[in-house]
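Asker: Sending over a structure as structure tokens; questions will come in a sec.
Any read-out appearing in this document is the output of simple, stated calculations on the displayed coordinates, not a laboratory observation. Predicted model only: the values in this text are computed from it and were never measured. Positions of Cβ are backbone-derived with ideal geometry, glycine not excepted, and every protein chain shown enters the neighbour counts.
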Amino acid sequence: MKQKIFKLILILIIGGLGGVLADQFLLPFLADAPFFSQIEFIERAKDGTTIINKTERITIAENTAAEEAIRRINPSITAVQTLSKNKQIIREGTGFIVFSDGLIITAADLVPEKAGQYLVFQENSSSTAQVIKRDGKNNLALLKIEKTNLPVVPLADLNELALGERIILMGVQTPHLLEKDAGQVPKDNFYRFINLGTIRGIKEETISLNLSEEDPLANGGPLINTKGEVVGLNLVNQNGLTKTAPVNIIKEFIKI
């Protein structure tokens, strides 16, 4: 048994020495021959260089990326309420600011015609809004409030979206205020909610997701990527998520 082990060790030593000798003497010698000099690894041995291809892997924690994206877009998310002429809430959902001079996009069915009043809520205030544009086909509406220097959402490029990309659906719980509290929104009465998923399919007229959303308060809210860019607008009714209008339709609607 000892003799076998000794032979094995001897073979390994001889093999190692053979490899060193071949690398230092045989390969450089062969590199001078025309036939062998055309072989890449032999040619490299001539000048004693060894090429190492360095591979770097950057691991991104999805949870951290999602948190940063939500934090980036939070200031631009609004709640939307429609009141009847006797001040009763008849519709409520979500919207988001697309222009700093007070233009907000949401779902058209959140702001039906001939209503008594439209309200837009930010975290610390509320404003009366006007509907200045509708798109019945895609169920989009553009609202205007009398404010300036507002934080806006960045819009993604549809061509850069990828199947399997992580996305975040966002919605806002609409505050229910007494008339005496109009214009002020208590912080504990304004909160956001999210739903995480991935993109299953991308078309010019809709984005397919692998998630479902049953809360109608998400209606009109943004679908964002992990960069904090809006990739679509979610349309949610009492039966759940029905469609996500992609960012190209949003851009066409607001003309940018």
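Asker: Taking the Cα centre of segment 59-127 as origin, work out the dipole magnitude from +1 charges on Lys and Arg Cβ and -1 charges on Asp and Glu Cβ, in debye rounded to 20.
Answerer: I would put it at about 360 debye.
Asker: Lys and Arg at +1, Asp and Glu at -1: add these up for the other residues within a Cβ distance under 12 Å of LYS255 and post the number.
Answerer: 0
Asker: So if R0 is 30 Å, what FRET efficiency would SER208 and ASP135 give, r being the distance between their Cβ atoms, rounded to the nearest 0.05?
Answerer: 0.90
Asker: Filter the GluC sites (Glu not before Pro) in segment 192-255 to those in DSSP coil with at most 16 other Cβ atoms within 10 Å of their Cβ, and list the result.
Answerer: Loop-located and lightly packed - GLU204, GLU205, GLU214.
Asker: When the chain is fully extended, how far beyond the present Cα-Cα distance does GLN173 get from GLU113, taking 0.36 nm per residue of separation?
Answerer: Stretched fully, the GLN173-GLU113 segment lengthens by 19.3 nm.
Asker: Ok, one more. Taking H as built 1.01 Å from N, whose amide H comes closer than 5 Å to the amide H of GLU165, not counting residues under 5 places away?
Answerer: Hits under the 5 Å cutoff: ILE199.
Asker: Are any of the pairs LYS114/LYS243; LYS87/LYS147; LYS85/LYS114; LYS133/LYS227; LYS203/LYS251 more than 19 Å apart by Cα-Cα distance, and if so, which?
Answerer: Among LYS114/LYS243; LYS87/LYS147; LYS85/LYS114; LYS133/LYS227; LYS203/LYS251, the Cα-Cα distance tops 19 Å for LYS114/LYS243; LYS87/LYS147; LYS133/LYS227.
Asker: Compute the distance in nm between two label points, each set 7 Å from the Cα along the Cα-to-Cβ direction, one at ILE194 and one at ASN63.
Answerer: Simple spin-label model gives 1.2 nm for this pair.
Asker: Quick one: what are the phi-derived ³J(HN,Hα) couplings along segment 204-210, Karplus 6.51/-1.76/1.60 with θ = phi - 60°, whole Hz, x for glycine and proline?
Answerer: With coefficients 6.51, -1.76 and 1.60, one gets 5, 9, 6, 10, 8, 10, 9 Hz.
Asker: Would you pull out the residues with amide H under 5 Å of GLU213's amide H, same chain only if 5 or more places away, H placed 1.01 Å from N?
Answerer: LEU241
Asker: Under a Cβ-Cβ cut-off of 15 Å, what is the net charge of the residues other than ASP157 that fall near it, where Lys and Arg count +1 and Asp and Glu count -1?
Answerer: Local net charge: -3.
Asker: Using label points projected 7 Å from each Cα along Cα→Cβ, tell me how many nm separate ALA162 and LYS85, to one decimal.
Answerer: 5.5
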